[in-house]
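Down below is the structure, laid out as structure tokens.
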Amino acid sequence: MKRAIPFILIFIIQAFCAWFFVSDILNSILGIHTTPLSWEMREYMEIGASIGLVLGVIVGGLLVFRAIKDRNSAEERLRRASGAFADLLQEKFVEWGLTASERDVALFAIKGMSTADIGGLRSTSEGTVKAQTNAIYRKAGVSGRSQLLSLFIDDLMRDDGAVRTAANSKT
């Protein structure tokens with residue numbers, strides 16, 4: 001909610017300033033006569049509205065700059081998480097003693113590709129891919145893809161932060 005407060009304040013200031021200038025123009029165009037203000041009061045109102053518009057532009061620019069900074073920070077965290085996941089994959093593949101072919105198949109399976117798609121990419125039959133996935137599941141101690149993926153998700157989310165710490169120490 002704190003981040004919304006500047007947006008709300010800018011909106012209110014901008015709305016008031018727009019109302020001031022637009023209502024003055026519409027009154028002139030439509031021929032609506034209102035009680036005239038003293039020129040000093042009118043000058044103060046115009047100065048205040050102009051200051052409000054300038055502040056709106058400045059604060060709006062700062063908020064855009066902050067949004068860009070936040071987006072870049074989120075992209076960096078995502079890049080680090082992707083790196084941590086890739087490191088975790090390789091670590092587990094070595095731990096399980098997977099062959100190079102099994103590593104490829106495991107990676108494609110984790111990405112959610114079908115057996116037919118994996119076979120097509122690797123130029124092997126579906127039967128070969130099925131045999132390799134069964135070997136992967138056996139070596140990993142799981143019964144299927146969802147459990148295989150769950151192993152990695154559990155490791156990334158564990159409370160001790162070992163994977164996250166390892167990924168952050170690389171930068």
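The values are calculated or read from the model by the stated rules, or taken from the named source; none is laboratory data. None of these values were measured; they are calculated from a predicted model. Quick reminder, even Gly has a Cβ in these numbers, built from the backbone with ideal geometry, and neighbours come from all protein chains shown.
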Legend entry - Any chance residue 80 is outside the structural domain of residue 134 (by TED's automatic domain parsing), without any contact (Cβ under 8 Å) to a residue 12 or more places away in the chain and either in contact with an Asp or Glu (Cβ under 8 Å, 6 or more places away or on another chain) or surrounded by 12 or more Cβ atoms within 10 Å (Cβ to Cβ) (or both): no
Inset, instruction - Report yes if some residue within region 25-38 is under 30 Å from residue 154 (Cα atoms) and either β-branched (Val, Ile, Thr) or touching a strand residue (DSSP E or B) at 6+ places or on another chain (Cβ under 6 Å) (or both); otherwise report no. - result: no
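This table checks each residue for (1) among the polar types (S, T, N, Q); (2) surrounded by 12 or more Cβ atoms within 10 Å (Cβ to Cβ); (3) more than 23 Å from residue 65 (Cβ to Cβ).
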site: 2; (1), (2), (3): no, no, no
site: 17; (1), (2), (3): no, yes, no
site: 24; (1), (2), (3): no, yes, yes
site: 27; (1), (2), (3): yes, yes, yes
site: 33; (1), (2), (3): no, no, yes
site: 40; (1), (2), (3): no, no, yes
site: 45; (1), (2), (3): no, yes, yes
site: 49; (1), (2), (3): no, yes, yes
Inset, instruction - May I ask you to list pairs of residues, at least six apart or on different chains, whose Cβ atoms are under 9 Å apart, with the first in region 7-29 being in contact (Cβ under 8 Å) with a residue 40 or more places away in the chain and the second being not in a helix (DSSP H, G or I)? - result: none
Inset, instruction - Would you point out the residue of region 130-147, among those that are under 19 Å from residue 97 (Cβ atoms) and touching a Ser or Thr at 6+ places or on another chain (Cβ under 9 Å), that is surrounded by the most Cβ atoms within 10 Å (Cβ to Cβ)? - result: 132
Inset, instruction - Give me a count of the residues in region 83-120 that are assigned to a helix (DSSP H, G or I), of a type in the set (S, T, N, Q) and in the same structural domain as residue 146 (by TED's automatic domain parsing). - result: 2
Inset, instruction - Give region 121-139 a look and list any residue that's part of a helix (DSSP H, G or I) and either over 15 Å from residue 104 (Cβ atoms) or more than 33 Å from the chain's Cα centre (by Cα) (or both), or say none. - result: 126, 127, 128, 129, 130, 131, 132, 134, 135, 137, 138, 139
